[in-house]
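Nothing in this text is a laboratory measurement; each read-out follows from the coordinates by a stated rule. This is a predicted model, so every value here is computed, not measured. Heads up, the Cβs are rebuilt from the backbone with ideal geometry, glycines too, and the neighbour counts pull from every protein chain shown.
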Amino acid sequence: MVRLFDDTTQEAFGIVPLERAKQLALERELDLVEVAPQAQPPVCRLMDYGRFKFEALKREKESRREHNVITVKEMKLRPKISEHDFQTKFGYVRHFLEEGDKVKLTIVFRGRELVHQEYGRRLLDRMAEELHALAAVERNALVEGRNMTMILSPVHKKPSKPGAARAEEDRDPEAVAAAGDPDAEGNQPDAQDSQP
């Protein structure tokens, strides 16, 4: 005995003998799939199993495509960094944020530098201030052992895959014409208009 459901018609047959369930599957040209073997009685469904697997795989691919992986890049600085080195590291941090990655800024203190943590804090605050248009401070400066860290997260989302950019370019030609694209039909300049 099994509890039987038909996924194609959303029909519930109730509890039927296993032989009757197999016969219904043959009549309707569907697969008999056991979905809850531990239930009393076990639950079975009449479905097109090949189509079910195909749609599940398709849903999984879609969710993977939409899933954005955010990576955390780390940039190490010293409290006595020169201006040129600061600008170089600043450029890297800006690039990481523009790419949509989070950035962990780490000030590494050596020896007695740990006594003067205010220099490291000023450096982190300066970096956050100069990047305020691109990043938000996710975690304020925090001392962890001999290191001081701050995490910046990008204000804008990580750019999607190149296919999404191409889809934007392949938009409806009528919408392009309405936007005033000179290459769209209907917006070509007349030959007499182009003469002086």
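Is it true that some residue in the stretch 91-108 is exposed (fewer than 12 other Cβ atoms within 10 Å of the Cβ), without any contact (Cβ under 8 Å) to a residue 24 or more places away in the chain and under 32 Å from the mean Cα position of the chain (by Cα)? Don't jump to the end; show me each part of the working.
So in the stretch 91-108, the residues exposed (fewer than 12 other Cβ atoms within 10 Å of the Cβ) come out as 91.
Going one step further and asking which of them are without any contact (Cβ under 8 Å) to a residue 24 or more places away in the chain, we end up with 91.
In the following step, the residues that additionally are under 32 Å from the mean Cα position of the chain (by Cα) were identified as 91.
Yes, the conditions are met somewhere in the stretch 91-108.
Taking into account only those residues within the stretch 109-130 that are surrounded by 12 or more Cβ atoms within 10 Å (Cβ to Cβ) and acidic (Asp, Glu), which is farthest from residue 143 (Cα to Cα)?
Taking the stretch 109-130 and keeping what is surrounded by 12 or more Cβ atoms within 10 Å (Cβ to Cβ), we get 109, 113-114, 116-117, 119-128, 130.
Keeping just the survivors that are acidic (Asp, Glu) gives 113, 125, 130.
On the way: 113: 13, 125: 14, 130: 22 Å.
The selected residue is 130.
Of the residues that make up the stretch 79-89, is at least one more than 37 Å from the chain's Cα centre (by Cα), of a type in the set (Lys, Arg) and within 29 Å of residue 123 (Cα to Cα)?
yes
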